[in-house]
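The values are calculated or read from the model by the stated rules, or taken from the named source; none is laboratory data. Everything numeric here is computed off the predicted structure, so don't read it as measured data. For neighbour counting, all protein chains shown are included, and Cβ atoms are generated from backbone atoms with ideal geometry for every residue, glycine included. Heavy atoms of the whole protein, side chains included, go into the accessibility calculation; ligands, DNA and RNA do not. Shrake-Rupley method; radii C 1.70, N 1.55, O 1.52, S 1.80 Å.
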Amino acid sequence: MNKRLPLKCPSCENQLQVQQLHCEKCETVVTGIYSLPVISQLPIEDQRFILDFVKASGSLKITAQNMKLSYPTVRNILDDIINRINLLDTNE
Amino acid sequence: MNNRFLYNPFTKIAGIKSFIIGIAGLIITTFICFITGTHFNGLLNIDFAKDSPFWVYLIENLSNWIFISIFLHLSGLILSKSKIRVIDTLGTSLLARIPLIIAPLTRTIPIFQSFIIQSWEMYFITGLYLASLIWTIILLFNAFRISCNLRYEKLIISFIISMLLSEVCTKLALKFLI
């Protein structure tokens with residue numbers, strides 16, 4: 001089962017932060033308050049798109065071919081992600 | 001092919017591909033208009049008269065496409081924050097016109113080739129034209145939305161203004177050229 005990383009508090013809808021990191025090998029536990037990286041705060045579909053885009057060497061044309069979508073559709077998806085990232089940056 | 005593709009093929013087809021398919025559609029439509037005497041003298045008009053040379057039909061179809069493309073692209077350049085491409089606006093708006101082939105194509109059937117005013121044949125052709133026009137406008141709207149990445153009120157208002165301006169310019173151009 002693929003577990004989704006929860007981003008918002010189920011109780012008050014506030015942005016969640018990382019409190020604990022755990023090493024599976026030696027069972028070391030690091031405790032503290034860490035903010036999630038901006039990319040991790042994006043919806044999973046956006047994260048997948050960013051990965052596909054990077055794998056295509058940042059080429060919208062190749063990304064469009066790989067996703068079987070038109071060039072302007074892929075450009076619009078990218079512009080929407082940029083807007084969401086800018087919004088997250090502003091809120092931080 | 002799913003229903004979504006019929007009213008919004010532009011998520012899959014745009015740019016040079018839509019331009020090539022659209023040009024082929026425009027040439028075929030113009031040729032059928034010529035042999036059936038169907039005039040598209042304005043984006044929202046249809047007339048029947050078999051007395052014009054081929055170039056008249058070509059000018060009508062070309063100006064219907066070019067003016068709306070120019071106004072939609074200008075709207076995109078002014079209002080969109082995305083880096084829009086002229087080939088997307090030209091290609092997708094050309095592809096959006098393909099349903100307009102339905103009415104002239106129906107007129108190749110012998111009973112629809114010549115008819116009297118207010119006959120059922122005339123109403124049938126007019127009905128087909130209206131249906132294909134609505135389909136074309138929906139396609140044109142989606143073409144504009146995707147090519148220029150506009151949304152909400154910016155999209156709706158600029159689309160309506162572009163349609164009105166292109167209708168006026170097409171009428172004036174056809175009056176001047178033909």
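Quick notes on this one:
- GNM flexibility winner over chain A from A:Q20, A:Q47, A:Q65 (Cα, springs under 10 Å): A:Q20
- Computed from backbone phi, the HN-Hα couplings of segment B:86-98 come to 5, 5, 5, 5, 5, x, 5, 6, 6, 5, 5, 7, 4 Hz, rounded to whole numbers (Karplus: 6.51 cos²θ - 1.76 cosθ + 1.60, θ = phi - 60°; Gly and Pro given as x).
- Positive dipole terminus of segment A:38-91, leading residue within A:Q65, A:F53, A:I39 (C-beta point charges): A:Q65
- Neighbouring Cβ atoms from other chains, within 10 Å of the Cβ of residues in A:65-74, number 6 on average.
- Annotation: amide H-H contacts under 5 Å for B:A14 (H modelled 1.01 Å from N, sequence separation of 5 or more, or interchain): A:Y71.
- Per-pair calculated FRET efficiency, R0 = 35 Å: A:E45 and A:Q19 via Cβ, rounded to 0.05: 0.85
- Within segment A:70-92: backbone nitrogen closer than 18 Å to the B:K81 label point (7 Å, Cα to C-beta): A:73-92
- Å² of accessible area per residue within the protein assembly as shown, as computed with a 1.4 Å probe and no ligands counted: 60
- Largest-first ordering by accessible area, 1.4 Å probe, given options A:S35, B:S82: A:S35, B:S82
- Qualifying lysines (Cα of each under 21 Å from Cα of A:K68; at least 8 residues distant if same chain): A:K55, B:K12, B:K17, B:K83
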